[in-house]
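The values are calculated or read from the model by the stated rules, or taken from the named source; none is laboratory data. This one's a predicted model, so the numbers in the text were calculated from it and none came from an experiment. No Cβ is skipped: glycine too gets one built from the backbone with ideal geometry, and neighbour counts run over all protein chains shown.
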Amino acid sequence: MKKYVGIWLDHRQAYVVYISRNQPAVGEDDEMIEGIESDVERRVRLSGGARTRRTPYGPQDIAVDGKQQARINHQLGQYFKKIRDRISDADQILIFGPGEAKFEFVKAIEKSDQMAKKIVKIEPAEKMTVKQVQARVRKFFKPQL
């Protein structure tokens, strides 16, 4: 039985679409979608900032707290591990989504050589509904089904 997985993800949530091919001759497919929340805290923007006499309303820097950044990185690592554990039995993986989260997830997957070989494609994609995610994964893997 072949199992194809498509993942749309950003730093807040992920939608994982599983498509499994049960009987090649008959053409029966099972499809399931799962939503995974990240539980990553939002970045805190501190009030104030750096101002000078010449530019009273000039650039305001965001104070970066090393502990807060380390906590966010740990939470992202746990989020990516949760997704990686759910897709461990996939034969082929499609990863897409907005921003940098998809590339950070690929780095987390590349720690395992077996999982890295299963990645078929990484694509950019904007905010999508659950139905749009399902349709995109179905369309991508359709020639192989």
Handout entry: Residue, surrounded by the most Cβ atoms within 10 Å (Cβ to Cβ), within the range 89-126, restricted to residues that are farther than 17 Å from Lys2 by Cβ and among the aliphatic types (A, V, I, L, M)
Key = Ile95
Exercise for the section: Scan the range 1-15 residue by residue and report those that are in a strand (DSSP E or B), among the aliphatic types (A, V, I, L, M) and over 9 Å from the mean Cα position of the chain (by Cα). Expected result: Val5
Exercise for the section: Identify, from the list Lys81, Lys111, Lys107, Lys102, the residue that is outside any helix (DSSP H, G or I) and on the phi < 0 side of the Ramachandran plot. Expected result: Lys111
Handout entry: Tabulated pairs, the range 126-145, first farther than 16 Å from Pro98 by Cα and touching a residue at least 12 places away in the same chain (Cβ under 8 Å), second basic (Lys, Arg) and not in a helix (DSSP H, G or I), C-beta under 8 angstrom, 6+ apart or interchain
Key = Phe140/Lys121; Gln144/Lys2; Leu145/Arg21
Exercise for the section: State the number of residues belonging to the range 133-145 that are among the polar types (S, T, N, Q) and more than 10 Å from Trp8 (Cα to Cα). Expected result: 1
Exercise for the section: Check whether at least one residue in the range 58-78 is of a type outside the set (A, V, I, L, M), within 30 Å of Tyr18 (Cα to Cα), modelled with pLDDT of 90 or more and not in a helix (DSSP H, G or I), and report yes or no. Expected result: no
Exercise for the section: Return the total of residues in the range 129-145 being surrounded by fewer than 17 Cβ atoms within 10 Å (Cβ to Cβ) and of a type in the set (A, V, I, L, M). Expected result: 3
Exercise for the section: Inspect all residues belonging to the range 87-105 and state whether any of them is of a type in the set (Ser, Thr, Tyr), closer than 16 Å to Tyr15 by Cα and more than 12 Å from the chain's Cα centre (by Cα). Expected result: yes
Fill in the blank from the handout: Considering residues that are over 20 Å from Gly35 (Cα atoms) and not aliphatic (A, V, I, L, M), the number found within the range 92-136 is 9
Problem - In the range 114-135, residue farthest from the chain's Cα centre (by Cα) [restricted to those that are part of a helix (DSSP H, G or I) and among the small types (Gly, Ala, Ser)] - result: Ala135
